[in-house]
Amino acid sequence: MKTISFVSQKGGVGKSTLALATAYEASKSGLSLKVADMDTQQGTLSDLHRQRLNNGNSSIGSVEIFGTIDDLKKSVAMSNYDFLIIDGTPRASKGTLAAGKISDLIVLPCCSSRADLIPTIKLGHELVKNQIPRGNIVFALSRVTTASEIGDAREFIRESGFKVLDGCVFEKPGYRQAQNDGYALTETKWKSLNNKANIVLESILANLLSE
Ligand SMILES: Nc1ncnc2c1ncn2[C@@H]1O[C@H](COP(=O)(O)OP(=O)(O)O)[C@@H](O)[C@H]1O
Ligand SMILES: [Mg+2]
């Protein structure tokens, strides 16, 4: 079983959005998935999935809320999933490190402002300090708009010693609209949005398989 987690120091950066899209892309290939929603208060991903099913769309796998990584580990120990996708707690917590320890790939979604970049890089360093291999950590540029902010953010992250995924998730109402119905970033009504998001998702899967 391959495990990917989406974690961040801050809320609202696109963890649940990217977790749903990654699960959707993996489920399309016929892989069996467990999707762990660690946001016990908001249960965003579980809610999105319920919305998705209510709209008659395909399931992305078994989506469940877990209070702790230990509970999650117990739950998957007896099963045979190809993929485990962890949508992290709203903000970094003790569970973030625990999620990182069981992950083959840790994705840190990050907006382009200094106020987002610095805490995210700090979290990356914290994970490395706790014996998580640097090569297992990738940054995903999320909710970005202009080429210059993307270029600057990419350089800033690379200079701090971390990898950045190809492509980025642009801030677009079209993504939000799709998400309101439980659809993934690659399932919007707009082909260009789907194609742009697809670059990021392919990069996530490529990084996972190169581990
Ligand atoms: N690329 C995007 N464009 C527009 N809205 C977005 C985008 N990514 C996320 N959002 C919106 O921002 C909010 C927070 O996103 P979410 O994925 O739930 O973040 P997190 O899980 O990190 O808290 C949601 O309302 C979501 O619809
Ligand atoms: Mg979330």
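Structure notes:
- Within a Gaussian network of the chain (alpha carbon springs, distance under 10 Å), most fluctuating of Lys122, Lys163, Lys15: Lys122
- When segment 37-136 is described by a simple charge dipole with +1 on each Lys and Arg Cβ and -1 on each Asp and Glu Cβ, the residue from Thr44, Gly100, Leu72 located farthest towards its positive end is Gly100.
- Using just its DSSP H runs of length 4 or more, each adding -39500 (n - 2.57), the chain gives a mean residue ellipticity at 222 nm of -14500 deg cm²/dmol after division by all residues.
- Efficiency of FRET between Ser75 and Leu209 - r from beta-carbon atoms, R0 25 angstrom, step 0.05: 0.50
- Dipole magnitude of the chain, debye to nearest 20 (Cβ charges: Lys/Arg +1, Asp/Glu -1, about Cα centre): 160 debye
- A protection proxy built from the mean count of other Cβ atoms within 10 Å ranks the segments 33-46, 145-158, most packed first, as 33-46, 145-158.
- Set against the 2.2 N^0.38 Å expectation for a compact globular protein, the chain has a Cα radius of gyration ratio of 0.94.
- In nm, spacing of pseudo-spin labels at Ser93 and His125 (7 Å Cα→C-beta vector): 2.5 nm
- Of Lys15/Lys196; Lys10/Lys94; Lys2/Lys73; Lys74/Lys122, pairs whose Cα-Cα distance is over 20 Å: Lys74/Lys122
- Near-label residues of segment 97-129 by backbone N, under 11 Å of a point 7 Å along Cα→Cβ of Asp152: 112-115
Coordinate-derived values only; no laboratory data. Because the structure is a prediction, the values reported are computed rather than measured. Positions of Cβ are backbone-derived with ideal geometry, glycine not excepted, and every protein chain shown enters the neighbour counts.
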